[in-house]
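One structure below.
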Amino acid sequence: MPDSTAQPTGSAATFDTLLVSTEDNITTIRLNRPQKKNAITVEMYNEVIKALEQAGKDDSVITVITGSGDFYCSGNDLTNFTKIPEGGIEQMAKDAGELLREFVKAFIDFPKPLVAVVNGPAVGVSVTLLGLFEIVYATERATFHTPFSQLGQSPEGCSSYTFPKIMGNAKASEMLLFNKKLSAVQACAQGLVTEVFPDSSFQTEVATRLKAYAKLPRNQLIRGTEKERLHTVNDQEVERLVERWLSDECMQAIMSFFQAKAKL
């Protein structure tokens with residue numbers, strides 16, 4: 001795992017919500033809103049798309065996604081739903097759907113191996129996307145949670161296709177429909193995580209493996225053979241989500257979330 005001495009990528013743009021660096025043929029994209037548990041704002045969605053575009057073209061061999069602080073990522077920043085544009089809720093849902101489609105597309109089309117270094121709890125879209133990564137390393141402290149139905153939403157990140165394929169229908173439904181939170185060890189047993197490490201040695205163990213992988217010749221990606229299928233799934237999931245966002249049920253669930261939060 002590149003440390004803080006890693007050089008920011010030369011000609012690369014600077015980012016407000018990410019730290020991007022390249023070292024030892026590895027580009028690391030670090031979600032960097034630790035005080036907000038790396039929740040993904042509209043700005044962060046756009047910056048990840050841009051960072052992946054750059055990493056796809058740079059000289060690195062593999063690209064790592066990880067989080068700053070104790071969390072990997074707490075999913076969609078629900079304040080994204082509080083800024084209603086002039087076109088009202090319909091416009092907001094349409095814009096959010098378009099942004100999500102582009103965000104997931106950037107992962108599907110990424111030309112190099114993607115490695116998730118899950119340094120803490122992962123929620124929502126940061127979990128559903130993991131089916132598009134070549135390798136997922138997790139600290140034993142990590143948990144994996146997709147509480148969509150609690151918020152009246154439906155899964156994204158191509159997980160409606162990748163999760164049943166990885167873990168079978170019953171286990172996938174337990175996570176995606178019934179909000180089951182998995183420990184790192186459970187996620188590993190179900191095939192979502194490649195390997196789990198003790199928290200104390202997590203960064204060093206992962207760094208050793210990544211440096212070795214970065215010396216290997218470039219290979220054909222499994223994801224590459226399924227692109228067309230994944231794009232279709234992404235489109236269908238976004239369409240379904242936009243419908244969910246416009247439903248009273250979803251709006252009420254989000255409102256209750258904020259009311260509960262306000263009482264804390």
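Placing dummy labels 7 Å off each Cα toward the beta-carbon, the span from residue 246 to residue 204 is 5.5 nm. Cross-link partners for residue 112 among the aspartates and glutamates, with Cα-Cα distance under 19 Å and sequence neighbours closer than 8 places in the same chain left out: 23, 24, 47, 53, 58, 59, 102, 134, 226, 228.
Dipole check for the range 121-224: with +1 at the C-beta of Lys and Arg, -1 at the C-beta of Asp and Glu, and the Cα centre as origin, the magnitude is about 240 Debye. Here the label points at residue 177 and residue 79, each 7 Å from Cα along the C-beta direction, are separated by 3.6 nm in the simple model. Return the sequence-ordered ³J(HN,Hα) values of the range 92-101 in whole Hz as given by the Karplus equation 6.51 cos²θ - 1.76 cosθ + 1.60 applied to θ = phi - 60°, using x for Gly and Pro. Each residue's phi maps through the Karplus curve to give 4, 5, 5, 5, 5, x, 5, 5, 4, 4 Hz. Dipole orientation for the range 18-144: of the candidates 97, 130, 76, 76 has the Cα lying most toward the positive pole (charges on Cβ; Lys, Arg +1; Asp, Glu -1). P(r) tail, the chain: Cα-Cα pairs separated by more than 23 Å, 50% of all pairs. Each residue of the range 145-243 gets 124 Å³ once the volume of the Cα convex hull is shared out per residue. Annotation: amide H of residue 118 within the under-5 Å range of 137, 138, 139, sequence separation 5 or more or interchain, hydrogens built in the peptide plane.
List, in the order given, every pair from 83/261; 57/83; 37/263; 36/181; 57/105 whose Cα-Cα distance in the structure shown is over 27 Å. Violating the 27 Å limit, Cα to Cα: 57/83. About its Cα centre, the chain has a charge dipole of approximately 500 debye under the convention of +1 per Lys or Arg Cβ and -1 per Asp or Glu Cβ, with nothing else charged. Only Lys, Arg, Asp and Glu carry charge here, each on its Cβ (+1 for the first two, -1 for the last two); on that basis the range 174-229 has a dipole of about 260 debye about its Cα centre.
Compute the helix-to-body angle for 42-57: its Cα long axis versus the longest principal axis of the chain, expressed 0 to 90° and rounded to tens. Value to nearest ten degrees: 30.
Taken together, the values in this text are just the output of simple stated rules run on the coordinates, not laboratory data. Everything numeric in this text was worked out from a predicted model, so none of it was measured. Neighbour counts are summed over all protein chains in view; Cβ atoms, including those assigned to glycine, are modelled from backbone coordinates with ideal geometry.
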